[in-house]
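Enquirer: Questions regarding the structure given below will be posed in turn.
What follows is calculated from the coordinates using simple rules that are stated; it is not laboratory data. Keep in mind the model is a prediction, meaning the values are calculated, not measured. Positions of Cβ are backbone-derived with ideal geometry, glycine not excepted, and every protein chain shown enters the neighbour counts.
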């Protein structure tokens, strides 16, 4: 499957997180989708929320949807470990 990263992630979320002291790359976003520690398919169905450890205190979450053979990453955010799983 091909993975497409939204302009929102590239132009808004990555710079915002960097401004807050967290460096996130597009490669990390793709890695969360491909190798998640946790997947939530129910909270925001039909969207999927994939999560993966980011550092000792945070997880990186990526919201995406699957259309045909394309995964469209919609947004990403950091959350405190333990908040969602």
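Enquirer: Between residue 53 and residue 41, what is the label-point separation in nm under the 7 Å Cα-to-beta-carbon projection?
Expert: About 2.5 nm, to one decimal.
Enquirer: Next question. Taking the chain as a Gaussian network, Cα atoms linked when under 10 Å apart, which of 72, 41, 19 shows the biggest mean-square fluctuation?
Expert: In this elastic network of the chain, the residue with the biggest mean-square fluctuation among 72, 41, 19 is 19.
Enquirer: Still on this model: At a threshold of 8 angstrom on Cα-Cα distance, excluding pairs fewer than six apart, so keeping six or more, what relative contact order does the chain reach in percent? Walk me through the numbers before you get to the answer.
Expert: Details: 138 pairs, mean separation 26.3, N = 85.
Relative contact order comes out at 31 percent.
Enquirer: Test of understanding: in a Gaussian network model of the chain with alpha carbons linked when under 10 Å, which of 70, 14, 49 would top the mean-square fluctuation ranking?
Expert: Greatest mean-square fluctuation among the candidates belongs to 70.
Enquirer: Take the alpha-carbon centre of the range 1-35, take the same for the range 42-73, and report the distance between them in whole Å.
Expert: 11
Enquirer: Is the shape of the chain best called rounded, prolate or oblate, per the rule: a/c under 1.5 gives rounded, else a/b larger than b/c gives prolate, else oblate, with a ≥ b ≥ c the square roots of the Cα gyration tensor eigenvalues?
Expert: Working: a/c = 1.83, a/b = 1.19, b/c = 1.54.
In terms of gyration-tensor shape, oblate.
Enquirer: Further, regarding this structure: Label 7 Å along Cα→Cβ of residue 69; the range 1-38 residues with amide nitrogen under 19 Å?
Expert: 1-5, 34
Enquirer: When DSSP assigns beta bridges and you keep just the ones with both residues in the chain, what percent turn out antiparallel, to the nearest 5?
Expert: Numbers: 19 of 23 bridges.
For the chain, the DSSP antiparallel bridge percentage is about 85.
Enquirer: Among 66, 48, 29, determine the one that fluctuates most according to a GNM of the chain built with springs between C-alpha atoms less than 10 Å apart.
Expert: 66
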